[in-house]
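Accompanying notes for the structure given below.
The values are calculated or read from the model by the stated rules, or taken from the named source; none is laboratory data. These numbers come from a predicted model, not from an experiment. We place every Cβ from the backbone using ideal geometry, glycine too, and count neighbours over all the protein chains shown.
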Amino acid sequence: GYNYIQNPAIRHIGALLEEKIIGDVNLLRIEMDEDFMADPEAPFFWKHEAASGYGALDDFAVHPLSLIKALFGRVSRVMCDMAKP
C-alpha cells in the first residue's frame, strides 16, 4: 500500500474509479503472498510469536489497507480468514 500509492498504474486506477469508468466496486479481495518469512531462522521469526502482538498481520495488513483507502476511501466492512493453510 504505502509502496504503491504513488505508482502510476495505481494512480491511473484511482482516476478510472473517480471518473466512474470502472464503475462501482462491491467486493475487493486482497491476498498477501510473501515468501521471505518462510525460513524460521530468518530475522523475521519474531512475527510468528504470540508475544509480539499482532505479528505478521499487523506488519502486512497496513499495506493493502492503505492502498484500499487511497483508492476507495474509508473501509466500511472487513472480513478475513486467518486460518493457517
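Run down 65, 57, 27 and say which single residue is modelled with pLDDT of 70 or more and surrounded by 12 or more Cβ atoms within 10 Å (Cβ to Cβ).
65
Those residues that are surrounded by 10 or more Cβ atoms within 10 Å (Cβ to Cβ), among the aliphatic types (A, V, I, L, M) and part of a loop (DSSP other than H, G, I, E, B), I need them from region 6-24; list them, please.
Matches in region 6-24: 22 only.
List every residue pair whose Cβ atoms sit under 6 Å apart, with the two residues 6 or more apart in sequence or on different chains, where the first one lies in region 15-35 and is without any contact (Cβ under 8 Å) to a residue 40 or more places away in the chain and the second, anywhere, is surrounded by 10 or more Cβ atoms within 10 Å (Cβ to Cβ) and outside any loop (DSSP other than H, G, I, E, B).
22/16; 30/64; 32/60
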